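Asks: The structure follows.
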Amino acid sequence: MVFYKAIARSIATLLVLCACAQAQIVRPRHAVALFVDADQPPAATLPWQGVDLPYSSDQQTVWYRIRFEAPAQLAGAWAVYLPYLYGGGRLYLNGELLTRITEPGAGQVVRWERPHFVPVPNSLLHPGSNELALRVVAEPVAHRGRVPLLAMGPQDALRGEYEGRLFWVRTMSQFSLLATWIVGPLMLAIWWRRREETLYGLFGVAALLWGVRTLNLVIEVLPSEWWWWWRLAYHSATGGFAIILMVFLLRLANLRYPVVERGLMGFWLLGPIGFVLSGGSEWVTGRLWAGALIPICLVTLGVGLWAAWRTRTVELIALVAAIAMAVLAGVHDFLVTSTAPLLQAIAPDAAAHRVFLLHYAADLVLLVMGAILAARFIRTLEAIAQLNQTLETRVAEREQSLVEKFAQVGHLERQHAVDEERQRIVRDLHDGLGSQLFVTLSRVEVGRMQQADIVQALRECIADMRLTIEAMSPDDNDFLVSWGNFRFRWERQLQVAGLESSWQLHTQSAVLEMAPHAGLQLLRIAQEVLTNILKHARASQVVVRLAHGDGKLRLDISDNGVGMQAHPPEGGRGMVNMQSRARQLGARMGVQQAQPGTTVWVELELPPAQLPTVNATNAA
Amino acid sequence: MVKVLLVEDEPEFLRRFSDAVRSEPTLSLCGAVGSVAAACERIAATAPDVVLTDLGLPDGSGLQVIRAAVARNPACDVLVVTMFGDDGNVIDCISAGATGYLVKDAMPRDIATAILDVAAGGSPISPSIARRVLKHFQISVRASSDQVTAPAPDPTPVESPLSARETETLRLVAKGLNFREIGEVLAVSPHTVTGHVKHIYRKLAVHSRGEAVYEANQLGLL
């Protein structure tokens, strides 16, 4: 509680002190003026005229004398605070020079936007009545010398007021200048790369134009020969800013009327042209042209308002509101500049302080424009992200469907391969087993077959069926598996028939990959040869040798029988069959006669399978 | 005397097998029937040493006959009569307790020889059956010695009950080598090779029986 009381007491003390300080500030409302151009304060005896402050005169130089009372007890050092003194001048207190504020003169033009704070030495200030003498020089735009409602008082009490105005009038301008000259080129750079984004371009131009206008306020002293260009730039930038703003508004509202836009641009050009043609007339450009901008802006604003009402988009509403404020500020400034009697009647203080609001309203407008574009930018990024996500999803879907298609194609291919194999088997059954059975049947039907022949024929049929099954059964297309089964069966068969057989296998591969139908043809040839040996050769020994190497598979079947020449099997039909099968295989085959015996050989190209090859030679 | 039971629903084949058995003096035919029911009745009544059974019977499967025969006499040898000796049923039959197979078109002399062989402790095996047995135990068909330089195609087979010697025997059979040649490769007598094969059959049956018990447990039958 004690703490709060202490704070309350401190605040109370502070308020009392402020009140005291405020109480000591003097704001004289009256002065006497003498319209002469003199370096020193003219003599009091000359015909001075009484005037009310603030006062403005169209004379190039005017002297004013202002009387004020100073208290007997001074609370600290005093100062004179001048909210504005556009054309510069001199300040005397009780006859002593306080300060010279640079005036326009030899080769330079001056237009002070800043307020002036002139410390007063206590020695010069008399208790009681004092007299301030002020030389005021006309500012270069309106050619009027304006005396503000100046204030005298303790420095501490005045400094806040001074610094406040300094900040709003000068620092803010500097800040705006910096901001517009950074943001403007940036936006133009964006537009340069993406020409269809005209809003960025318009914003960039608007920012730069406002920067030019603000520069006009920031640079207060300037060589005379630049002045004319300086004003031209000022009017062009101010009007241009307003026009660009209107175009921006219309485009944001999706109201694109090229004629209107061209008209607005044309009107913009009128300003500088008028300025040039009128020989730099501030009245023609600053009043007439700038004044005509106001209704144009109001009409456009009305259209924008109507569009905002219809579309209810936050962007448009915000921009319309900001521009409306800017237009109001512009009207206000126009009235202040033109020292309209109306304004002076309604708000004499605002008129007296000559506070121009358009600077801040324009900053606000630029801020809103920037915010709109930033929002759009973010929305665009989000849309891109969204789009990317959609695309990714689509790509994933396509990928999935491709995978499915590949699987389908793979399935179809396998199906095709299976179908082909099936056709081969059916054809094989038809040509082989089928025809053999039909021939046997027809011969049995007409009674042209002995029982032993029938048994033999049927056994051959079964043997062929076994062969087909042996060739078709291996699931990894390994010919060695079929060969193993073939050997197992024939070894017994030869043994039963009383033949001694020797089976040799020479291969570097653990697997001999061969299509089943090819394997079948090779086994058929082997079977045919062995059957012939059993039937005709009268041999006692058979050597069956299968060798694989150098990409070739070679089958040699040798017997020690009587030879083929003497007993051509079935009139040579068996040999023709074998030759035909070998051709189907793409194999070469041959018969070698020896004394005694015969060797039948088959050789075909068979590249080694893409499987680990090992040193596994099995000879038995 | 070896008591032989024939189970075959095709009369022509039944006659053919019967003739083959009768013609061999050391064999005695204790039944020639054409159904599972009749076979089970004969097995119960006579406890045959060797049973020859077809698989597709009118009132059931030859597997039932095999189980009944093995249950009645664990030393009983069952030969499955098959068309080609390599169909997948053969493995099922061996698992059920069969110790061999016989192809349907075998000569009468071969039929008698096969029965005598199996009764004497031999077991016929073909390359395709050897492959199927290896596959059943998830053993690579390619010999392990072949793989010394090759990367292991699959991890250690799941607890194969077969000894290294038995596995090697199966691999050589799968390649088409006969028992004499296998004996030479493994440096044992052909007789020993025959013993290996019989062991393999027995193990397959035991192994499968264990699986059957496990499955029955899973199904809540036991």
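The values are calculated or read from the model by the stated rules, or taken from the named source; none is laboratory data. Note that the coordinates shown come from a computational prediction; the quantities given were computed from them, not determined experimentally. In this analysis, Cβ positions are derived from the backbone assuming ideal geometry, glycine residues included, and neighbour counts consider all displayed protein chains.
Asks: Between residues in the range A:243-255 that are outside the structural domain of A:ALA321 (by TED's automatic domain parsing) and residues that are modelled with pLDDT under 90, which pairs lie under 7 Å by C-beta distance while being six or more apart or on different chains?
Replies: Sorted first by the residue in the range A:243-255, then by its partner, the list stays empty.
Asks: Only one of (1) surrounded by fewer than 21 Cβ atoms within 10 Å (Cβ to Cβ); (2) modelled with pLDDT of 85 or more; (3) in contact with a strand residue (DSSP E or B) (Cβ under 9 Å, 6 or more places away or on another chain) fails for B:ASN178. Which number is that?
Replies: (2)
Asks: Ok, one more. For the condition within 14 Å of another protein chain (Cβ to nearest Cβ), of a type in the set (Val, Ile, Thr) and more than 20 Å from A:THR531 (Cβ to Cβ), what is the one hit in A:VAL446, A:VAL426, A:VAL481, A:VAL395?
Replies: Answer to the selection: A:VAL481.
Asks: If B:ILE139 meets every condition in (1) at pLDDT below 75; (2) within 14 Å of another protein chain (Cβ to nearest Cβ) apart from one, which number is that one?
Replies: Exception for B:ILE139: condition (2).
Table: residues versus (1) modelled with pLDDT of 80 or more; (2) of a type in the set (A, V, I, L, M, F, W, C); (3) more than 25 Å from A:LEU505 (Cβ to Cβ); (4) surrounded by fewer than 20 Cβ atoms within 10 Å (Cβ to Cβ).
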site	(1), (2), (3), (4)
B:VAL158	no, yes, yes, yes
B:ARG165	yes, no, no, yes
B:ALA174	yes, yes, no, no
B:LEU186	yes, yes, no, yes
B:HIS191	yes, no, no, yes
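Asks: Let me ask something else about it. Go through A:PRO258, A:PRO223 for me and flag whichever is touching a strand residue (DSSP E or B) at 6+ places or on another chain (Cβ under 9 Å), assigned by TED's automatic domain parsing to the domain that holds A:VAL303, modelled with pLDDT of 90 or more and not aliphatic (A, V, I, L, M).
Replies: A:PRO223 is the lone residue from the list that is touching a strand residue (DSSP E or B) at 6+ places or on another chain (Cβ under 9 Å), assigned by TED's automatic domain parsing to the domain that holds A:VAL303, modelled with pLDDT of 90 or more and not aliphatic (A, V, I, L, M).
Asks: I would also like to ask the following. Can you say whether A:GLY87 is buried (at least 20 other Cβ atoms within 10 Å of the Cβ), under 57 Å from the mean Cα position of the chain (by Cα), farther than 23 Å from A:GLY160 by Cα and of a type in the set (Gly, Ala, Ser), as far as the supplied structure shows?
Replies: Values: buried (at least 20 other Cβ atoms within 10 Å of the Cβ): yes; under 57 Å from the mean Cα position of the chain (by Cα): yes; farther than 23 Å from A:GLY160 by Cα: yes; of a type in the set (Gly, Ala, Ser): yes.
Yes, satisfied.
Asks: Among the residues of the range A:42-50, is any under 23 Å from A:LEU158 (Cβ atoms) and either assigned by TED's automatic domain parsing to the domain that holds A:LEU134 or of a type in the set (S, T, N, Q) (or both)?
Replies: no
Asks: When you scan the range B:1-84 for strands (runs of 3 or more DSSP E) that lie fully inside it, which ones turn up with 1 or more residues that are of a type in the set (Lys, Arg)? So that I can check it myself, show each step before the final result.
Replies: On the way: elements: B:2-7, B:27-33, B:50-54, B:77-82.
Ranges flagged: B:2-7.
Asks: To continue, here is another question. I'd like to verify a number: residues in the range A:103-127 that are of a type in the set (D, E, K, R) and out of contact with any helix residue (DSSP H, G or I) (no Cβ under 7 Å at 6 or more places or on another chain), how many?
Replies: Matching residues across the range A:103-127 total 2.
Asks: What is the number of the single condition among (1) over 60 Å from the mean Cα position of the chain (by Cα); (2) surrounded by fewer than 22 Cβ atoms within 10 Å (Cβ to Cβ); (3) more than 14 Å from chain B (Cβ to nearest Cβ) that A:VAL529 does not meet?
Replies: It is condition (2) that A:VAL529 fails.
Asks: Separate question: Looking only at the range A:130-146, which residues are among the small types (Gly, Ala, Ser) and part of a loop (DSSP other than H, G, I, E, B)?
Replies: Step one: filter the range A:130-146 for residues among the small types (Gly, Ala, Ser), giving A:133, A:138, A:142, A:145.
Passing the criteria: A:ALA138, A:ALA142.
Asks: Read through the list (1) over 30 Å from A:LEU85 (Cα atoms); (2) out of contact with any Phe, Trp or Tyr (no Cβ under 7 Å at 6 or more places or on another chain); (3) buried (at least 16 other Cβ atoms within 10 Å of the Cβ), then give the number of the only condition that A:HIS353 fails.
Replies: Unmet for A:HIS353, out of (1) over 30 Å from A:LEU85 (Cα atoms); (2) out of contact with any Phe, Trp or Tyr (no Cβ under 7 Å at 6 or more places or on another chain); (3) buried (at least 16 other Cβ atoms within 10 Å of the Cβ): (1).
Asks: From the set of residues in the range A:450-499 that are free of Cβ contacts under 8 Å to residues at least 12 places away in the same chain, in a helix (DSSP H, G or I) and not assigned by TED's automatic domain parsing to the domain that holds A:ILE525, which is farthest from A:LEU520 (Cα to Cα)?
Replies: Filtering first and then ranking leaves A:GLN451.
Asks: Residue by residue through the range A:145-196, note down the ones that are surrounded by fewer than 18 Cβ atoms within 10 Å (Cβ to Cβ) and charged (D, E, K, R).
Replies: Hits for the range A:145-196 are A:ASP156, A:ARG159, A:GLU161, A:GLU163, A:ARG170, A:ARG193, A:ARG194, A:ARG195, A:GLU196.
Asks: Separate question: Between a first residue in the range B:54-82 that is more than 14 Å from B:LEU6 (Cα to Cα) and a second residue that is in a strand (DSSP E or B) and of a type in the set (A, V, I, L, M), which pairs have beta carbons less than 8 Å apart while being 6 or more apart in sequence or on different chains?
Replies: B:VAL70/B:VAL78
Asks: Within the range A:490-515, which residues are more than 8 Å from chain B (Cβ to nearest Cβ) and over 20 Å from A:LYS552 (Cβ atoms)?
Replies: A:TRP490, A:ARG492, A:GLN493, A:LEU494, A:GLN495, A:ALA497, A:GLY498, A:LEU499, A:GLU500, A:SER501, A:SER502
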